[in-house]
Every structure is written in structure tokens, then in C-alpha cells.
Amino acid sequence: MTELNTTVTWVDVRERLPRSGIPVAAAITGRYPADGAAESDTALGEEFWLVRPMYFTTLHWSEDGTEHRDCFVDSDGVVRLSYGLASEETVTHWAALPTLPGAMAYVVLGEDVEPALQNAWGAGPTT
């Protein structure tokens, strides 16, 4: 059986940023608007701190053409900056995501998926 345990090491964004393009778990902090409050009045909202899968990049262009540097981007294209920079939601810490079970890769595509699954499951069924 593939060993599924892993150790997560959280890194403070004030100390170091990940390499560009690396997938990470990002700890994000911000404030949601209070029930009934205007979306723009987040000062009345509740603080949060949560973890989201994202990737870090040294250069990102948003759909509206805005250029972002040294930022974290989620699967919906939402850009978050490091803690201390001008942003409503900021990343305080990051951790490198573990590789796929039984592999040294974060992503496997196309024809390589089936053999990777079989390797992870000890040549068991993949359906």
C-alpha cells in the first residue's frame, strides 16, 4: 500500500515566498461582510482565516488586464497578495502541496494517468 501520511511545513509569507508556478496550500485572512451589510462595507463583517489550494506566480495578468506581481491565484482566477500588502484578502502562510500518492509529481495528464493510478493502488482496479 502507498504511504499516505505527509508532513506539512507552513512558511510565513513575510519570511519567504514559494517558487513561481508551484501549487500551494495558502492560509488566507480577510473579513466577510456582516449579514445585511453592503458588500463594500467589510469593516462590519466577521474575520476569517482559511486554507485554499492555490498557486504562486511572480507575474499574473487578470482577465481585466491588471498586472499582478508575486501573488497567489486560486482556481477561479482570484488573486490574493501577501499579508501586509493592499488587498482585502491576504495570504499569511503557505505550504507546498504533497505529491500524488506513490508519485513524485503534483499532476499527471493523459496516457500517464492509468499507470500512475495502478502504481498508487498497487496494480489494483482503476474504475
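The values are calculated or read from the model by the stated rules, or taken from the named source; none is laboratory data. For clarity, every value in this text was computed on a predicted model and none was experimentally measured. Cβ atoms come from the backbone with ideal geometry, glycine included; neighbour counts cover every protein chain shown. Remember, those area values only see protein heavy atoms, side chains included, never the ligands or the DNA or RNA. Shrake-Rupley method; radii C 1.70, N 1.55, O 1.52, S 1.80 Å.
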request  = Pull up all non-local amide H partners of Val13: gap of 5 or more, or a different chain, and H-to-H distance under 5 Å with H placed in the peptide plane.
outcome  = His93, Trp94
ask   = Non-local amide H neighbours of Gly45 (under 5 Å, H modeled in plane, Pro and chain starts lacking H): which ones?
value = Ala34
inquiry  = Not counting ligands, DNA or RNA, and with a 1.4 Å probe, what is Phe72's accessible surface area in Å² rounded to the nearest 10?
reply    = 0
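Can you tell me the dipole magnitude for the chain around its Cα centre, using point charges on the Cβ only (Lys, Arg +1; Asp, Glu -1), in Debye to the nearest 20? Each step should come with its number before you reach the end.
Values: 7 positive and 19 negative charges, 110 e Å.
It comes to approximately 520 debye.
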ask   = Tell me, what is the 1.4 Å probe accessible area of Leu81, in Å² to the nearest 10?
value = 40
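From the square roots a ≥ b ≥ c of the eigenvalues of the alpha-carbon gyration tensor of segment 52-97, which class results: rounded (a/c under 1.5), prolate (a/b over b/c), or oblate? Could you put the intermediate results ahead of the total?
On the way: a/c = 1.72, a/b = 1.27, b/c = 1.36.
It is oblate, given that a/c is not under 1.5 and a/b is not larger than b/c.
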inquiry  = Skipping prolines and chain starts, which residues have an amide H placed within reach, meaning under 5 Å, of the one on Ile22, given they are 5 or more residues away or on another chain?
reply    = Phe56
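What full-extension length gain, to one decimal in nm, is calculated for Arg31 and Val108 as 0.36 nm per residue of separation minus the Cα-Cα distance?
Full extension of this stretch gives 24.1 nm more.
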Backbone HN-Hα couplings from phi across segment 47-62 [Karplus 6.51/-1.76/1.60, Hz, Gly and Pro as x] = 5, 9, 8, 9, 10, 9, x, 8, 10, 9, 9, 7, 8, 9, 10, 6
Convex hull volume of the chain per residue (C-alpha atoms, cubic angstrom) = 165
